[in-house]
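The values are calculated or read from the model by the stated rules, or taken from the named source; none is laboratory data. This one's a predicted model, so the numbers in the text were calculated from it and none came from an experiment. Here the Cβ positions follow ideal geometry from the backbone for every residue, glycine too, while neighbour counts run over all protein chains shown.
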Ligand SMILES: Nc1ncnc2c1ncn2[C@@H]1O[C@H](COP(=O)(O)OP(=O)(O)OP(=O)(O)O)[C@@H](O)[C@H]1O
Ligand SMILES: [Mg+2]
C-alpha cells in the first residue's frame, strides 16, 4: 500500500469531519435560533434603544461576508483585545451570530404576518401581550417561518465549510487533507460534496415534515 | 353599568367620535345605528380598550378602561363579537372558545371545555368541536365567535355588525341565536345595519351621525313619527335602509 492510497482509516476521518460539521451546525443553529427569536421578541415589545441596536447589528451581520466576520473574530478581536480564541470558539461565535441575524429577519416577518384582527380579538378578551405572543402569534409565526427557516439552515450548513480556513477539522478541512495526501481531487471532493448534500437533504426533509404538522390548520392544500 | 361619558376620539386630524354619551344597564339591549363611517366600530373599539380615548371616560362596572390597571377588570366584564369573526385560525373551535377563559379568567380547562361543548351544542355546532375555522362556513364561524364571547360569561356583550359579512341565510341563523340571547336577558350593545331586527330585540336605539350621538330613544319612540323619525338624518337613513 502506497502513501497516496485510500485506507479504511480515511472513512473514519471523513466520519469525524462530518461529525464536527454537523455538531457545529447544530450548536450554532440552536444558539442562532434562540438569539434570533429573542431579538424578534424584543422588537415585538418595541423596547426602546435595544430594538434599533439589534436591527443595526443584524444589518451588519447580514451585509458582510461570513469569511470576513470569521477573520475578525479569530484574528481581529483577539489581537485588539488580547484574547485567546480557539478556532472552534471563533467558529461557534461567528456562525451563531450570522445565523441569528437571518433568523431575526425571518422571525420579524413571521410575527408581522399574523393578522392584526386576531391580535385585537385576543387583546379585547383580556390576554396580556405575552399571552398573545405565546398563544396566538408564536404558533402561527412558527408555521409561517418553517419554510424560510429550512432554506436558511440548508444554506448555513454549507456556510460551515468556511471555518476550515481557520483550521477547524470539519468535513471540508478533512477533504482538503485527504486531497493533499491522495492527489485524487475528483474522488475526494465528490465524496465530500455528497456528504454535504445528504446532510442538507436530511435537514430539508425534517423541515418539510415539521411544516406539515405545524400547518395542519391551514386552508392551503396546494393548487 | 357600562358608561360612555363625553368620549372623543380622533385619528390624526379626523374627529371620529365627538362627545359621545351612552349608558347601558344590565339586562338592556341597546342597538347602535348609523351610516358607514359614522364611528360605530370605533366606539366599540374604545369600549373594549383597543383604541385610546382623546377625551372623556368609559367605565364598565366602575372600572375605567383608560387606566391600565383597571382595563384588565373591565375587559373581563365585556366580550366582543367581531364583524369579520377574528377567530384564531390555528386553533380548533374548542380551543378558540377556551383560550380566554383559561388564560384570562384562570378557570380549569376541563370545566371550560365542557361548557364550550355545551355552548357549541346550543348553536348547532356539536359536530364542529375539533374543526379549524378555515373549514367552517361564514355563519358557522360567526356562531363560534358568539360562543367564544359567551364563554367569558360577560356582563356586557358587544357586537359589531356581526352579520354584515354573511349571506341572508347565514344572517338568519346568527340573528336567531342573538334573539334567543336577548330573550334570556343578555345585556347587549349591538351595532347593526339590520334595522328590522334591531327594532324587534332592542330596548333602546341610538343613532350615530359623523361621530355625534344624535338620539338615544326607547325603540318604540325611535320609530315614531314624533320621535327619531322627526330627525331628517334618521328618516333619510331608515328610508335608505328599507330600499336595500
Ligand atoms: N385606525 C384608523 N385610522 C384612521 N382612521 C380610522 C381608523 N379607524 C377608523 N377610522 C376612520 O374613522 C371613521 C369611522 O370609522 P368606523 O369604522 O368607526 O365607522 P363605522 O361606523 O363602523 O362604519 P361601517 O358601518 O362602515 O362599519 C371612518 O372615517 C374611518 O375611516
Ligand atoms: Mg364598522
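Looking at the structure I just gave you, is residue B:142 touching a residue at least 60 places away in the same chain (Cβ under 8 Å) and not in a loop (DSSP other than H, G, I, E, B)? Here the answer is yes, as residue B:142 does meet what is asked. So is residue A:92 closer than 26 Å to residue A:133 by Cα and either in a helix (DSSP H, G or I) or touching a helix residue (DSSP H, G or I) at 6+ places or on another chain (Cβ under 6 Å) (or both) or not? No, not satisfied.
Whether any residue in region A:78-95 is within 14 Å of another protein chain (Cβ to nearest Cβ) and over 30 Å from residue B:78 (Cα atoms) is what I want to check. Scanning region A:78-95 turns up no residue that is within 14 Å of another protein chain (Cβ to nearest Cβ) and over 30 Å from residue B:78 (Cα atoms).
Of all positions in region B:53-72, none carries a residue that is within 16 Å of ligand 2 (Cβ to nearest atom), more than 19 Å from residue B:104 (Cα to Cα) and in contact with a helix residue (DSSP H, G or I) (Cβ under 9 Å, 6 or more places away or on another chain). Taken over region A:182-203, residues that are part of a helix (DSSP H, G or I) and exposed (fewer than 15 other Cβ atoms within 10 Å of the Cβ) amount to 10.
Listed by position, the helices (runs of 4 or more DSSP H) contained in region A:29-82 that have at least 3 residues being more than 23 Å from residue A:163 (Cβ to Cβ) are A:50-62.
Selection within region B:170-193: residues that are surrounded by 21 or more Cβ atoms within 10 Å (Cβ to Cβ) and either within 14 Å of chain A (Cβ to nearest Cβ) or within 16 Å of ligand 1 (Cβ to nearest atom) (or both). The member of this set that is farthest from the chain's Cα centre (by Cα) is B:192. Based on this model, can you work out whether residue B:80 counts as modelled with pLDDT of 95 or more and either facing chain A (nearest Cβ under 9 Å) or within 15 Å of ligand 2 (Cβ to nearest atom) (or both)? Here the answer is yes, as residue B:80 does meet what is asked. Residues in region A:120-172 that are in a loop (DSSP other than H, G, I, E, B) and more than 9 Å from every other protein chain (Cβ to nearest Cβ) were compared, and the one that is modelled with the lowest pLDDT is A:167. The residue of region B:143-161 that is nearest to residue B:24 (Cα to Cα), among those that are within 16 Å of ligand 2 (Cβ to nearest atom) and within 13 Å of chain A (Cβ to nearest Cβ), is B:158.
For every residue, the table says whether it meets (1) within 14 Å of chain A (Cβ to nearest Cβ); (2) away from ligand 1 (no atom under 12 Å from the Cβ); (3) crowded, with 22+ Cβ neighbours inside 10 Å.
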| site | (1), (2), (3) |
| --- | --- |
| B:6 | no, yes, no |
| B:18 | no, no, no |
| B:25 | no, yes, no |
| B:28 | no, yes, no |
| B:32 | no, no, yes |
| B:44 | yes, no, yes |
| B:49 | yes, yes, yes |
| B:54 | no, yes, no |
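When region B:22-37 is filtered for residues that are more than 10 Å from ligand 2 (Cβ to nearest atom) and over 14 Å from the mean Cα position of the chain (by Cα), the ones remaining, listed by number, are B:22, B:23, B:25, B:26, B:27, B:35. In region B:92-105, is there at least one residue being more than 16 Å from ligand 1 (Cβ to nearest atom), surrounded by fewer than 17 Cβ atoms within 10 Å (Cβ to Cβ) and modelled with pLDDT of 95 or more? Yes; the residues of region B:92-105 include at least one that is more than 16 Å from ligand 1 (Cβ to nearest atom), surrounded by fewer than 17 Cβ atoms within 10 Å (Cβ to Cβ) and modelled with pLDDT of 95 or more.
Each row is one residue, and each column tells you yes or no for (1) away from chain A (no Cβ under 14 Å); (2) within 16 Å of ligand 2 (Cβ to nearest atom); (3) at pLDDT 90 or above; (4) surrounded by fewer than 16 Cβ atoms within 10 Å (Cβ to Cβ).
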{"position": "B:207", "(1), (2), (3), (4)": "yes, yes, yes, no"}
{"position": "B:210", "(1), (2), (3), (4)": "yes, yes, yes, yes"}
{"position": "B:225", "(1), (2), (3), (4)": "yes, no, no, yes"}
{"position": "B:228", "(1), (2), (3), (4)": "yes, no, no, no"}
{"position": "B:236", "(1), (2), (3), (4)": "yes, no, yes, yes"}
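Within region B:172-217, the residues that satisfy the criterion of being assigned to a helix (DSSP H, G or I) and under 18 Å from residue B:148 (Cα atoms) are B:173, B:174, B:175, B:176, B:177, B:178, B:179, B:180, B:181, B:182.
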